[in-house]
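Colleague: What follows is a single structure, and I will ask about it in a moment.
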Amino acid sequence: MEHLIVLADRCRRSAPAADYWSARLVSEETDELAVRQGVTEPSVLGSSLGVFLTLARGAGIGYGATSDLSAAGLAAAWERAAGSAELHARLGLFDGGLYPRSSLRAEYASPVAEPWESMSLADKLDLLREACAALEIDPRIVDSTAWLGRRRVQQLLVTSAGGEIRQVFDQVSSGLVAVANAGSQTQSRHGGGADWGGQGGLERLARVGFRAGAQRVAEEAIALLAAPECPLGVRDLILMPNQMVLQIHESIGHPLELDRILGDERNYAGTSFVTLDMFGSYRYGSALLNITFDPSVPGELASAVADDEGTLAERQVLIRAGILERPLGSRLSQARSGLPGVANARASAWDRPPIDRMANLNLEPGQDSLASLIGKVERGVLMDTNRSWSIDDSRNKFQFGCELGRLIEDGELGGLVRNPGYRGISASFWRSLAGVGAAASREVRGVYTCGKGEPNQAVQVGHASPPALFRDVAVFGGGE
């Protein structure tokens, strides 16, 4: 952080006259290790450092980004920001004077018990070889991979209004995949944290079952080879937390992004079936549906003290007892729409502008255990771990596939079924929500690559959810 503080002073000294300006300095380091079929893959190291400058003058706002942090480089970037602000003042679709000003002073650091550096490279590679070998339990396992990754982002936002926000984000990611084959049938299973992202250090490996889960992952891949196809028909559906992550992400998160609703994303990532007049009255789901934007959950992927425009990040309810209350809209989108929102202006890197994104978007717990959810089902399917997804550009009609399914008959969990999938319509699917797991069954997970923006920005998003029960859903198996 010290090097960013020095650079921030340089930004302050070089800033031109303006109604408001901000400088967001970002330093990022990444490290990726993998072993596949016992062979160590080439490691991937990444490092970047740069600044994103924002300038507001009159009715215009403009941006300039650069990795040239010399006095000359900063002067050139400020000049580009001033030029684009002048252009926006003449041709912009909204008043740049609406751009939020921040005087917030705050700090944040991810909770880390075991830093990445506390384990040597040799020990990390030994751990990966051991985990990969543990996947190879049978000749039908034709491919096996174990991986570890680390990402550290240090960010300092300073503003002309006296704002200064220091944030350090640490993540250790891990995963396992086993691919099994017999004849024309191939099945794969993921585990070991592959779909369980979070902030923190190496202590996360035990929490996500990185080494301990290897044998189960391989055994399930083999068992799926002989399992029958998931039946076709209308049945009750229980989604485990790792599939709920995608269900929340695609059919609640993206539709509620306010810039989509305002039409900003239409050209690239699509629009939303949600309209401005729905907030405050629209029934999005059953009375069991309670969705929060919560940046305060310890260790969740997008926990933070502020967004990238300097707005204090606070927990807000988006959907309460099924009724839609507020969108995922940053202060600028709030000013343009007249709706309340959240602190969700996020950028993927120093060379991208903040836009409306998901951060931590969570389904609040209900009252049921997993056993009681299963006990409520006369004829249904339980589905686990996303494998594929398809959803239309208004984020309404969808079809998702999972890696593993289990039949449920008369309140009892039955045998495995392979290639399970289901389809629905966002606007009605959540109204069929008939049971939500209790707090003890909630898992804090997330996705590593949520894509949006033009040029594209991939950000990490947190989703916490218990298992959930939906009534009368169209389910299907492979080839249906």
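Laboratory data are not the source of any read-out in this text; all were calculated from the coordinates shown. Because the structure is a prediction, the values reported are computed rather than measured. Reconstructed Cβ throughout: ideal geometry from the backbone, glycine too, with neighbour counts over all protein chains shown.
Colleague: What's the angle, to the nearest 10 degrees (0 to 90), between helix 71-91's Cα axis and the longest principal axis of the chain?
Modeller: Value to nearest ten degrees: 80.
Colleague: Of the options Gly83, Leu301, Ala194, report the single residue whose Cα projects farthest towards the positive end of the charge dipole of the chain (beta-carbon charges: Lys, Arg +1; Asp, Glu -1).
Modeller: Gly83
Colleague: Leu87 versus Ser432, label points 7 Å from Cα toward the beta carbon: distance in nm?
Modeller: Those two pseudo-labels are separated by 4.8 nm.
Colleague: While we're here: Where nothing but the Cβ of Lys and Arg (+1) and of Asp and Glu (-1) is charged, how large is the charge dipole of the chain around its Cα centre, in debye to the nearest 20?
Modeller: Value, rounded to 20: 800 debye.
Colleague: Further question: Round to the nearest 0.05 the FRET efficiency obtained for Arg80 and Leu121 when R0 = 41 Å and r is the Cβ-Cβ distance.
Modeller: Between Arg80 and Leu121 the formula returns 0.50.
Colleague: Pop a pseudo-label 7 angstrom from the Cα along the beta-carbon direction at both Ala72 and Arg216 and give the gap in nm to one decimal.
Modeller: For Ala72 paired with Arg216, the spin-label model returns 5.9 nm.
Colleague: Calculate the dipole size of region 1-90 relative to its Cα centre from +1 charges on Lys and Arg beta carbons and -1 charges on Asp and Glu beta carbons; express the result in debye to the nearest 20.
Modeller: 440
Colleague: Given contacts defined as C-alpha pairs under 8 Å and at least six residues apart, what's the relative contact order of region 398-448, whole-number percent?
Modeller: Normalised by residue count, the contact order of region 398-448 is 31 percent.
Colleague: May I pose another question? For the chain, take the longest principal axis of its alpha carbons; what is the angle in degrees between that and the long axis of helix 214-226, to the nearest 10 within 0 to 90?
Modeller: 60
Colleague: Amide H to amide H, which residues 5 or more places from Asn344 or on other chains are under 5 Å from it, using H placed in the peptide plane?
Modeller: Ser330, Arg331
Colleague: Given the Cα-Cα distance of Ser388 and Ser48 and 0.36 nm per residue of separation, how much length would full extension add, in nm?
Modeller: 119.2 nm
Colleague: Work out from phi, with θ = phi - 60° and the Karplus expression 6.51 cos²θ - 1.76 cosθ + 1.60, the ³J(HN,Hα) of each residue of region 309-324, listed in order in whole Hz, and give x for Gly and Pro.
Modeller: Once θ is set to phi - 60°, the couplings for region 309-324 become 9, x, 8, 4, 8, 9, 5, 9, 8, 9, 10, 10, 6, x, 9, 6 Hz.
Colleague: Taking amide H positions as placed 1.01 Å from N in the peptide plane, with prolines and chain starts having none, which residues 5 or more places from Gly435, or on another chain, fall under 5 Å of its amide H?
Modeller: HN-HN under 5 Å from Gly435: Leu469.
Colleague: Next question, about the same structure. Through the Karplus equation 6.51 cos²θ - 1.76 cosθ + 1.60, θ set to phi - 60°, convert the phi angles of region 285-291 into ³J(HN,Hα) values in whole Hz; use x for Gly and Pro.
Modeller: x, 5, 5, 7, 8, 10, 10
Colleague: Turning to a different aspect of this structure: Can you find, among Pro111, Leu93, Ile137, the residue sitting farthest towards the positive end of the charge dipole of region 77-172, where Lys and Arg contribute +1 and Asp and Glu -1 at Cβ?
Modeller: Of the candidates, Leu93 comes out farthest on the positive side.
Colleague: In degrees from 0 to 90, rounded to the nearest 10, what is the angle of the helix 2-14 Cα long axis to the longest principal axis of the chain?
Modeller: The angle comes out at about 40 degrees.
Colleague: Could you give me the ³J(HN,Hα) list for region 429-439, computed from phi with Karplus coefficients 6.51, -1.76, 1.60 and θ = phi - 60°, whole Hz, x at Gly and Pro?
Modeller: Computed from phi, the couplings for region 429-439 are 4, 6, 6, 8, 5, 10, x, 10, x, 6, 4 Hz.
Colleague: Right, next: For a test of the definition: using alpha carbon positions, the gyration tensor, and the 1.5 limit on a/c, classify region 156-264 as rounded, prolate or oblate.
Modeller: Judged from the Cα gyration tensor, region 156-264 comes out oblate (a/c at least 1.5, b/c at or above a/b).
Colleague: Per q in 0.05, 0.08 Å⁻¹, report the Debye log10 I(q)/I(0) for the chain, using one uniform scatterer on each alpha carbon and no solvent.
Modeller: With no solvent term, the Cα-only Debye profile gives -0.20, -0.52.
Colleague: Right, next: Can you tell me how much longer the chain between Asn456 and Glu314 gets when fully stretched, taken as 0.36 nm per residue apart minus their C-alpha distance, in nm with one decimal?
Modeller: Computed gain between Asn456 and Glu314 is 48.5 nm.
Colleague: Next up: Could you work out the local net charge near Val417, counting Lys and Arg as +1, Asp and Glu as -1, over the other residues with Cβ closer than 10 Å to its Cβ?
Modeller: +1
Colleague: Can you tell me how much longer the chain between Ser281 and Gln37 gets when fully stretched, taken as 0.36 nm per residue apart minus their C-alpha distance, in nm with one decimal?
Modeller: Extending this stretch completely gives an extra 82.4 nm.
Colleague: Using helices alone, I'd like the mean residue ellipticity at 222 nm for the chain: each DSSP H run of four-plus residues gives -39500 (n - 2.57), total over residue count, nearest 500.
Modeller: So the helix-based figure for the chain works out to -5500 deg cm²/dmol.
Colleague: List the residues, sorted by chain then number, that are 5 or more residues from Ser369 or on another chain and whose placed amide H is less than 5 Å from its amide H.
Modeller: Here Ala438 satisfy the definition.
Colleague: While we're on this one: Suppose every K and R has +1 on its Cβ and every D and E has -1 on its Cβ; what is the size of the dipole of region 276-386 about the Cα centre, in Debye to the nearest 20?
Modeller: 260
Colleague: Whole angstrom only: what separates the Cα centroid of region 44-82 from the Cα centroid of region 186-238?
Modeller: Centre-to-centre distance over Cα atoms comes out at 43 Å.
Colleague: Related question: Could you tell me which of rounded, prolate or oblate describes region 282-323, using a ≥ b ≥ c as the square roots of the eigenvalues of the alpha-carbon gyration tensor, with rounded for a/c under 1.5 and, failing that, prolate when a/b is larger than b/c and oblate otherwise?
Modeller: Prolate shape, in that a/c is at least 1.5 and a/b is the bigger ratio.
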